[in-house]
Amino acid sequence: ALRSRSGRSIINGNWAIDRPGRYEGGGTMFTYKRPNEISSTAGESFLADGPTNEVLDVYMIHQQPNPGIHYEYIIPGDNVISPQLLAHRRPGEPLNGQLGMPESTNQEDEDLHRETDTLTGQSAGTFPVIQPGRFPSHQPENQVPAVQPPRQNREHNWKQIGKTECTTTCGKGSQYPVFHCVNRITHEEVSESYCDSSTKPIPEEEACNLFPCPAFWDIGEWSECSKTCGLGMQHRQILCRQMYANRTLTVQQYRCHHLEKPETTSTCQLKICSEWQIRTEWTSCSVPCGVGQRTRDVKCVSNLGDIVDDEECNMKLRPNDIENCDMGPCAKSWFLTEWSDRCSAECGDGVRTRSVVCMTNHVSSLPLEGCGNNRPSETTPCNNGPCAGKVEWFAGGWTQCSTECGSGTQQREVICVRKTEGNFDVLNPYECSYLEKPPSQQSCYLKPCGSKWFHTEWSTCSKSCEGGFRVREVRCLSDDMTASTQCEPQLKPEEKEPCNTQDCIPEIDENCKDKYYNCNVVVQARLCVYTYYKTACCASCTRVANRQSGFLGRR
């Protein structure tokens, strides 16, 4: 996202994602590009010709590892070397603040120049010329001067005969001088074996073809089509770039005016849009009378004639595939069932029931209203005789469910009674044993609990005294008793706890007693190591041994 220091959003502001395109801000026009994340690995980018007239901030939000930001910028510069300056520079004239190599003025200087370069192992045109009288006044103490043969005895020496071909035709390349062994007098090339290989100058890299390469249009990839079907638009980024020093730089677009600029937008059509087709006629109405519904088959069909998902077609243009139909008024009547066989009371007054419903005269119709107020009765009285002296089970109402959620239980009281005229007498349950007793407990389920913590019983303590621990298994289970991760972590029961923290009490041996009253003296004298004293003062010696073993164990 791009935003000014004043807080005004330019691209992707206020948590809204803009479409790729051109956006004005900071005194210039930004071109925003966002490639297809599926078909392209390139990231988002925006480019402006500039110059900007205010500070702009770039924001990036990422849910994966930070991919980083690559940026380029152009700043105005005064120290620019033009090809014309290189072509018209005079010998010895400073080049952009640096003094170039002075050139020889006569044959004598040229010979001295060449011979001096040969002696010092430097290549002409690369290192400064050492003139006579300007050699160092003394040699370093740890260096022995090289003994050179007399000048008149050296018939051959190394001579620069040219340079290698420049690595580039423009935009600053590199080349190296070429040295051959020649005759000093005739300057004819001879075998290198005639010259001292230790004095052959080392070729140094030299810059060449410093003039910039012609600018060119750098054409980016087309964006994805703005529409998945039908006629849409796609965009691409066009940059004016120039090669210099093995680097491609973005430059002002006027440098590419000699070239025709490629199009940045184009029409596109991935495929012909799918369309809705009505495959069948309307069905007959669902009811023979009254208001019902009828349907027809509507499908989304591609341009190839294949049935595709409805999302491929415009849902706003989808024809209806269901509608109401009115088949006219229906004749309505009351429909009745037979009376129930059993009376609601085994003795005394009760009722028998039947079902009554208003329906049309057609079997497939649903229950309707409008049969009038003359509704037949749904109950009729019945009596199975007096209830005096009859023994039966009496069940009270159910209690509340034992849990607020999940599976629980409900209780109710069931007693044996004898019904008399207007009263009930409670009897011993034995009196009703020949009758089927109603259940006094049933399961209940109010609502699902969601995930809950379950745990096993505690294990046996790892030690019987002096601090052990016990463990249990804790699991988070859902309503269907499968593993879940939805339990509250802070409510998780402990899986391990200390136990039996009391001190260990040694077992008392009735046969191990002190036979003398002054056994403490035996202990102080450390006589318990002898069998006689260990037996005579058994209790005292045993206590000392237990204390020592406990001390060593704690250490």
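Observations on the model:
- Region 157-208, relative contact order in percent, only Cα pairs under 8 angstrom and at least six apart counted: 40 percent
- Volume in Å³ per residue [convex hull over Cα atoms, computed for region 405-446]: 93 Å³
- Carbon/sulfur fraction of accessible area - region 411-455, other protein chains in place, 1.4 Å, %: 50 percent
- Put a plus charge on the Cβ of each Lys and Arg, a minus charge on the Cβ of each Asp and Glu, and nothing anywhere else: the dipole of region 452-499 about its Cα centre is then about 140 debye.
- Along principal axes, Cα extents of region 157-208, largest first, whole Å: 39, 22, 14
- When the solvent-accessible area of region 171-256 is split by element, carbon and sulfur atoms take up 51 percent of it, the probe being 1.4 Å.
- Relative packing of 392-405, 481-494, which averages over residues the other C-beta atoms within 10 Å, highest first: 392-405, 481-494
- Residues of region 290-340: accessible area per residue with a 1.4 Å probe, Å²: 72 Å²
- Among 258, 70, the order of accessible area from largest down is 70, 258, computed with a 1.4 Å probe on protein heavy atoms.
- Partner lysines whose Cα lies under 29 Å from the Cα of residue 463, excluding those fewer than 8 positions away in the same chain, are identified as 492, 496, 513.
- Other residues within the sphere of radius under 13 Å centred on the Cβ of residue 481, judged by their own Cβ, net out at 0 (K and R +1, D and E -1).
- Compactness of region 214-270 was expressed as the Cα radius of gyration divided by 2.2 N^0.38 Å, which yields 1.41.
- Viscosity 1.567 mPa s, 4 °C: Kirkwood-radius Stokes-Einstein D of region 2-58 over Cα pairs, µm²/s: 107 µm²/s
The values are calculated or read from the model by the stated rules, or taken from the named source; none is laboratory data. All figures in this text were calculated on a predicted structure; none of them were measured in a lab. For neighbour counting, all protein chains shown are included, and Cβ atoms are generated from backbone atoms with ideal geometry for every residue, glycine included. Ligands, DNA and RNA are stripped out before the accessible areas are found, and what is left, the full protein with its side chains, is counted by its heavy atoms. Shrake-Rupley method; radii C 1.70, N 1.55, O 1.52, S 1.80 Å.
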